[in-house]
Amino acid sequence: MAYSATMKQAIGAVRAQLASAGFGMADSRFAHHGVHRADPHAPLLLVACSGGRDSLALAAVTHTVASAWGMRCGAAIVDHGMQPGSALVAQRAAAQCERLGLAPVLVRTVHVRVGGEGAEAAARDARYEALAAAARETDTAAVLLGHTRDDQAEGVLIGLIRTGGVDAVAGMPAQQTVHGVRFVRPLLTVSRAQTTAICTDLGIEWWDDPTNGDAFAPDEPLPADYPLRSRVRHTLLPFLNEFAGRDMTERLAQGARVARRDLEWLDACTDRVFTECVQLEPGGDPCEARIDATRLASQPQALRFRVIARVLTICAPGSGAAHVDAVEALVSQWHGQGPVQLPSKHTANRKKHVIRVCEDVTHANRRHSRQD
């Protein structure tokens with residue numbers, strides 16, 4: 001079969017990312033051109049498919065690569081149940097994946113519990129849990145996600161709006177482990193226009209999420225009650241493109257790749273310093289940590305803040321930048337100040353060279369008195 005230039009580029013992107021993740025041709029007999037039947041116990045790649053153009057294009061491309069390499073390729077569809085007709089959308093996506101030749105094809109329905117971070121974040125958490133469970137059930141080698149270059153650019157802008165910092169600029173990693181399962185994003189160098197072209201060339205009909213706001217005219221801003229990602233896609237990015245006179249999607253995605261490389265080095269340094277300076281109480285419930293303030297003070301400021309942020313993420317969920325700043329002051333500006341109050345009923349208190357992050361004694365005494 002002759003592939004279009006767009007399809008060839010996408011195949012190359014998937015091949016490159018899978019090779020980076022440690023996958024390759026099963027054995028020499030798959031070096032011959034043509035469609036090959038994978039061995040029953042060959043590694044399984046599971047494509048997360050929503051029925052949208054990006055994930056369906058990824059399903060088609062990954063099946064092509066897997067067939068050439070002697071790997072198995074399946075799909076997992078998650079029905080969030082948050083829109084009318086979502087079950088039909090999921091079943092249609094499953095049928096499309098089966099027609100493309102993917103197997104197994106799994107459909108999982110989840111219950112989304114909306115919390116303080118909003119419906120979009122809650123749906124994402126439920127989706128990753130369901131995908132990880134499906135991967136463990138099928139002994140999947142990796143779950144592939146259809147995030148494109150456009151998604152990367154949008155994610156960078158959202159990160160800058162919500163949090164900022166190098167983590168936001170770095171965007172989504174090409175590979176990460178979630179719930180003990182490897183997730184891979186092979187299409188971060190492929191545009192949404194290209195995934196659209198792939199589906200069109202292959203005669204694949206896709207589903208568009210109505211919350212994307214495609215029904216609105218390009219020059220009509222989306223209402224504020226639409227998801228932030230949709231408003232960034234529909235309104236902000238086109239404005240930036242016009243303002244800059246260039247494709248800012250590509251520019252932001254390129255910047256994310258460079259920032260991600262630097263962030264990975266910074267994370268490796270943080271791992272080392274965390275091991276040297278932090279002691280987590282084994283089996284502690286609630287969590288307790290001891291920070292060697294003298295040793296941590298000798299580290300660069302960037303590493304001090306990242307180590308403290310990691311401690312607070314583990315022991316005092318919900319901590320923000322102000323909490324990290326206050327605990328860092330116990331390290332670099334120590335003059336006998338009192339404890340720092342943290343979320344989850346925790347405090348950070350320095351005595352001599354040790355900062356102890358633990359449950360506040362007042363809260364603990366109240367809890368114990370109630371139990372008595």
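The values are calculated or read from the model by the stated rules, or taken from the named source; none is laboratory data. Predicted model only: the values in this text are computed from it and were never measured. Cβ sites come from the backbone with ideal geometry, for glycine too, and all protein chains shown count toward neighbours. Heavy atoms of the whole protein, side chains included, go into the accessibility calculation; ligands, DNA and RNA do not. Shrake-Rupley method; radii C 1.70, N 1.55, O 1.52, S 1.80 Å.
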- Task: Answer yes or no: is there a residue in segment 157-170 that is more than 24 Å from GLY81 (Cβ to Cβ), assigned to a loop (DSSP other than H, G, I, E, B), polar (S, T, N, Q) and open to solvent by 20 Å² or more (accessible area, probe 1.4 Å).
- Result: yes
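Looking at ALA142, is it open to solvent by less than 30 Å² (accessible area, probe 1.4 Å) and over 30 Å from SER4 (Cβ atoms)?
Against the criterion (open to solvent by less than 30 Å² (accessible area, probe 1.4 Å) and over 30 Å from SER4 (Cβ atoms)), ALA142 does not qualify.
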- Collect the residues in segment 279-296 that are modelled with pLDDT of 95 or more and in contact with a His (Cβ under 9 Å, 6 or more places away or on another chain), keeping them in residue-number order. ASP292, ALA293, THR294, ARG295
- Message: Considering only residues that are within 23 Å of the chain's Cα centre (by Cα) and more than 17 Å from ASP271 (Cα to Cα), which ones fall in segment 308-323?
- Response: ALA316, PRO317, GLY318, SER319, GLY320, ALA321
- Message: When the residues of segment 174-198 are narrowed to those that are part of a strand (DSSP E or B) and surrounded by fewer than 19 Cβ atoms within 10 Å (Cβ to Cβ), which ends up farthest from the chain's Cα centre (by Cα)?
- Response: ARG182
- Item | Residues located in segment 224-256, provided they are farther than 25 Å from GLY51 by Cα, part of a loop (DSSP other than H, G, I, E, B) and open to solvent by less than 80 Å² (accessible area, probe 1.4 Å) | GLY245, ASP247
- Message: Tell me whether segment 54-75 contains one or more residues that are at pLDDT 95 or above, under 21 Å from ALA193 (Cα atoms) and open to solvent by 40 Å² or more (accessible area, probe 1.4 Å).
- Response: yes
- Collect the residues in segment 104-127 that are within 16 Å of MET82 (Cα to Cα), of a type outside the set (Asp, Glu) and not in a loop (DSSP other than H, G, I, E, B), keeping them in residue-number order. VAL107, ARG108, THR109, ALA119, ALA121, ALA122, ALA123, ARG124, ALA126, ARG127
- Message: I'm checking my understanding of the structure. Among residues of segment 269-302 that are in a strand (DSSP E or B) and of a type in the set (D, E, K, R), which one is farthest from GLU359 (Cα to Cα)?
- Response: ASP292
- Task: Give the number of residues within segment 39-89 that are within 23 Å of the chain's Cα centre (by Cα) and of a type in the set (Lys, Arg).
- Result: 1
- Query: Are any of the residues in segment 243-252 farther than 24 Å from THR189 by Cβ and among the acidic types (Asp, Glu)?
  - Reply: no
- Query: Restricting segment 303-321 to residues that are at pLDDT below 95 and not in a loop (DSSP other than H, G, I, E, B), which is surrounded by the most Cβ atoms within 10 Å (Cβ to Cβ)?
  - Reply: CYS315
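Could we say that GLU154 is at pLDDT 95 or above, assigned to a helix (DSSP H, G or I) and open to solvent by less than 20 Å² (accessible area, probe 1.4 Å) here? Full working, then the answer.
Working: at pLDDT 95 or above: yes; assigned to a helix (DSSP H, G or I): yes; open to solvent by less than 20 Å² (accessible area, probe 1.4 Å): yes.
Yes, satisfied.
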- Query: Which condition number does VAL357 fail, the rest of (1) within 14 Å of CYS277 (Cβ to Cβ); (2) more than 30 Å from the chain's Cα centre (by Cα) being met?
  - Reply: (2)
- Item | Matching residues in segment 131-151 - criterion: being closer than 20 Å to PRO173 by Cα and not in a loop (DSSP other than H, G, I, E, B) | LEU131, ALA132, ALA135, ALA142, VAL143, LEU144, ARG149, ASP150, ASP151
